1. So R84 ticks every box in (1) assigned to a helix (DSSP H, G or I); (2) at pLDDT below 95; (3) surrounded by fewer than 10 Cβ atoms within 10 Å (Cβ to Cβ) but one. Which box is left unticked?
2. Name every residue in the stretch 1-25 that is basic (K, R) and at pLDDT 95 or above, in order of residue number.
Amino acid sequence: MKRLTLKEMTESEQREVKTDLDRASKNLERQLTNSEHNRIKDEAIDRIMAAREKIAKAARAERKANRAQPTGATFSWTASISTRPHR
């Protein structure tokens, strides 16, 4: 899965990233450096991507479980044609 950008995220996911950045800044009681900012943002994005992948995996499993199950009866093409030859 390709890396998410902030523009591709929902508003709540963007808010979560910004909250993590604000929380880290408040814990350090100073502005974050560029490397700290990028590291925290990448960790938040990785967490969001993992959550999205988990949801997608569950959806795929559910779709697979709901797929039409093959039955023992198969289509018999000979039953749909006449046994008498065309005149």
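1. In the conditions (1) assigned to a helix (DSSP H, G or I); (2) at pLDDT below 95; (3) surrounded by fewer than 10 Cβ atoms within 10 Å (Cβ to Cβ), R84 misses (1) alone.
2. Narrowing the stretch 1-25 to residues basic (K, R): 2-3, 7, 15, 18, 23.
Within the stretch 1-25, R15, K18, R23 qualify.
The values are calculated or read from the model by the stated rules, or taken from the named source; none is laboratory data. Given the structure is predicted, the values throughout are model-derived calculations rather than measurements. Because the Cβ atoms are built from the backbone with ideal geometry, glycine has one as well, and the counts that use them run over all protein chains shown.
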